[in-house]
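Every number in this text was worked out from the coordinates using simple rules, so none of it is lab data. These figures come from a predicted structure and were not determined experimentally. When we count neighbours, we look across all protein chains shown, and the Cβ atoms used for this are built from the backbone with ideal geometry, even at glycine.
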There are 2 protein chains.
Amino acid sequence: MERVPGSFGTSVSFALRIFQLGFSSASLISMCVDYDFNEVTTFCYLVVVMAYVILWSILQTLADTYSVFMKQLPHKPRVLSIVLAGDVILSFLSLSGACGAASAIEMLLSIDAPMCGDNLCIKYYVSALLAFLCWALFLDSAIFNFMSLSSLFY
Amino acid sequence: MERVPGSFGTSVSFALRIFQLGFSSASLISMCVDYDFNEVTTFCYLVVVMAYVILWSILQTLADTYSVFMKQLPHKPRVLSIVLAGDVILSFLSLSGACGAASAIEMLLSIDAPMCGDNLCIKYYVSALLAFLCWALFLDSAIFNFMSLSSLFY
């Protein structure tokens, strides 16, 4: 059976995971610089979500690396379902974190908060933008894995 | 061919659309009471999204009503794809609107904003909660329609 490009264990999936890992790490670093983020609840939420995203991406990158370079892993419905569930849940968490952070930055700017003086809020903007990109990549992974899973059943 | 319960043109889909229409209307009304919402950009965004959700739900309710009570509409891939695309887009918009509004309310409460005095922000909370419920219902509709669409191809 041919594998859907981008599904678990393929080289496209490996590339997607590398980008997810890069964007989520950059988002976390951009948010955590200066330690001011813990004054706003939504920023803390985004940091927690990005930490989970990094953990998940590392796990998936290792599995894809093994599958691409060493020995191809079998496509089992149970494994694919777990990967799909993880991707869907993390895509929703990333989107909610990004939207929440963007909304909080908008509010901070509108009330001229001291933590946003001298264009300091630009790093929070960058963090929210990278979280949006993470969401888009997770959505791609989820769609590919769903196509792969449904091709197993029909 | 048997129809997937909950997909376009079935009675479960009709029930889902009625609930979507109810929750989105209640969210819009809860947000628009008193006209204070236009001071916050995210609240305006949620109002626009809920207006689109209401329009889409009315259209789908009419189509489902016709299909259930008058004459069953055919399951064509093109029609199902359009319905699925609409559901997915509106589910993401609802989630982003709900998260943005929830984050903005959190910020307003933390700075003791005058528009939140005397527990006035509770109506915005209710509005965001109803938008979350809309998201969950749209997700259900999207999943059912996707299953119905993929059953046409395999």
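Points to keep in mind about this one:
- Here A:C116 qualifies as over 21 Å from the mean Cα position of the chain (by Cα) and of a type outside the set (D, E).
- Remark: A:S96 matches the filter, which requires a residue to be within 12 Å of chain B (Cβ to nearest Cβ) and of a type outside the set (D, E, K, R).
- The residue of segment B:99-116 that is surrounded by the fewest Cβ atoms within 10 Å (Cβ to Cβ), among those that are facing chain A (nearest Cβ under 8 Å) and of a type outside the set (G, A, S), is B:I111.
- Checking each residue in segment A:1-57 for being hydroxyl-bearing (S, T, Y), under 17 Å from A:F132 (Cα atoms) and surrounded by 20 or more Cβ atoms within 10 Å (Cβ to Cβ) picks out A:S24, A:S27, A:S30, A:T42, A:S57.
- Residue count for segment B:11-29 under the criterion of being touching a residue at least 40 places away in the same chain (Cβ under 8 Å) and over 19 Å from B:A136 (Cα atoms): the result is 0.
- Qualifying residue in segment A:60-67 (condition: touching a helix residue (DSSP H, G or I) at 6+ places or on another chain (Cβ under 7 Å) and closer than 15 Å to A:S27 by Cα): no
- A:I82 vs. criteria surrounded by fewer than 21 Cβ atoms within 10 Å (Cβ to Cβ) and either within 14 Å of another protein chain (Cβ to nearest Cβ) or touching a Cys at 6+ places or on another chain (Cβ under 8 Å) (or both): no
- Restricting segment A:117-138 to residues that are within 11 Å of chain B (Cβ to nearest Cβ) and buried (at least 18 other Cβ atoms within 10 Å of the Cβ) leaves a set whose member that is farthest from A:L28 (Cα to Cα) is A:W135.
- The requirement of being among the hydroxyl-bearing types (S, T, Y), without any contact (Cβ under 8 Å) to a residue 40 or more places away in the chain and either out of contact with any His (no Cβ under 9 Å at 6 or more places or on another chain) or more than 14 Å from chain A (Cβ to nearest Cβ) (or both) is fulfilled somewhere in segment B:59-71, by at least one residue.
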